[in-house]
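Structure, as structure tokens:
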Amino acid sequence: MPYDAMSDSSDEDLLAAYAAGEPAAARALTLRLGPKAFGVAMRMLKDRAEAEDVAQEALLRLWRAAPGWRTGEAKVSTWLYRVVSNLCIDRIRRARGGHVDLDAVAEPPDPARSVEQELQETARGAALQAALDTLPERQKQAVILRHLEGLANPEIAEIMDIGVRAVESLTARGRKALEGLLGARRAELGYDDE
């Protein structure tokens, strides 16, 4: 199957094609899901190298699971998010007590933005990350998956291995806590100017 045709294929079709011996399918699926896996890992771990390792390990596990994949049991993306989340939680638990300063992670430059916009976005990102870090681990995970990665509650429930109502409760409590922490900083972060 040519690479261009693969870009229109579903995640499950690409995984099946890879299992059938088409390495181009792995490339297409990696290009589609790799950045999202890295994004979740980066938000949870706050360390670029660790996040890259987790995303890579999760994708390797996906390739190993490909031959035995049972279509219809789980979405490929949901399965991958769950593996990423579990790998991150394992690393967080192993590194308890250690802390990586969010400011040590370089933000990618965007030439279209002004210096003021860059500074404001950096401050907003740091404020959000600091607020996220105050949440209990499960709330943080649910908020990241729902509000930052845009996943639906049923998908999050499957990733976290909990019920949809538990996801709703976790995200609602997390959102309320974030609003309380960040609400007083609206003017400082430039939201009153918009």
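Computed values, structure above
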| quantity | calculated |
| --- | --- |
| Mean-position separation - Cα centroids, the range 25-77 and the range 134-172, in angstrom | 18 |
| Proximal lysines relative to LYS75, as straight alpha-carbon distance under 28 Å, when same-chain residues fewer than 8 apart are discounted | LYS36, LYS46, LYS140 |
| Stokes-Einstein D in µm²/s, Kirkwood radius over Cα pairs - the range 126-179 at 4 °C with 1.567 mPa s viscosity | 120 |
| Length-normalised contact order of the range 6-95 in % [C-alpha pairs under 8 Å, at least 6 apart] | 33 |
| Percent accessible area from carbon and sulfur atoms, the range 1-86, protein chains only, probe 1.4 Å | 51 |
| Relative contact order of the range 112-194, pairs being alpha-carbon contacts under 8 Å that are 6 or more residues apart, as % | 33 |
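The values are calculated or read from the model by the stated rules, or taken from the named source; none is laboratory data. This is a predicted model, so every value here is computed, not measured. Remember, those area values only see protein heavy atoms, side chains included, never the ligands or the DNA or RNA. Shrake-Rupley method; radii C 1.70, N 1.55, O 1.52, S 1.80 Å.
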